[in-house]
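No lab work stands behind these numbers, since they all come straight from the coordinates. These numbers were taken from a predicted model, which means no experiment stands behind them. Cβ placement follows ideal geometry from the backbone for every residue including glycine, while neighbour counts extend to all protein chains displayed.
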Amino acid sequence: MNLDAFVGFLLAYNRKVNLVSRHSTRESLAALIAESLLLRDLVSTPLLVDAGSGGGLLGIPLAISLPEKRFILVETVHKKAVFLKEALCFLGLGNAVVREGPVQEFMRRHHRFESTLIARGFPAIEVLAEFVRRRKVRELLLISSPEKIRKIQNPMANVRQTRYNIPSRDNLIIFKLENVSRETILP
């Protein structure tokens, strides 16, 4: 299956259950997916955990484009978790599963250091950054606003930080936090 099939499935499903804006079009969703795919070359672990998967615009395109990686899509809203399960089934994506509930609860039970936490538009990025600081995950990749990122930069000063621009977008960046050596361990 391909990305076009996912976009078509999402738009059809969105007519009955609100997952993304009612004004979303194939073109607007394709632009969001293209931004999500910018993370593809930044991931260094075999397992990705998508925090707050929502309509799947981050985790599903990455799962399609990175079939050798495993994905866990974590979503608290039941109707969105149901959609994600149906989308994975429709697309035949065997490298991804859905877990319903808060990402904090999931990470408390299933953390693996050799994993990457990913998120787009997650409201409390400081919560996600703590998983890196405490070495629960190797890295965190965020698509977020520069203003939100500034709030976590100083508390995460001992963790490697990299910013990547998103072409033609001034209001979003990709921000990567990663544990790269023993010197990043904090109590």
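Distance between the modelled labels on Arg134 and Lys79, one decimal in nanometres: 3.2 nm (7 Å Cα→Cβ projection).
Of the chymotrypsin sites (Phe, Trp or Tyr not before Pro) found in segment 55-138, those that fall in a DSSP loop while having at most 14 other beta-carbon atoms within 10 Å are Phe113. Can you sort His110, His23, His78 from fewest to most other Cβ atoms within 10 Å of each residue's own Cβ? Fewest-to-most Cβ neighbours within 10 Å comes out as His23, His78, His110. Scaling the Cα radius of gyration of the chain by the globular reference 2.2 N^0.38 Å produces a ratio of 0.99.
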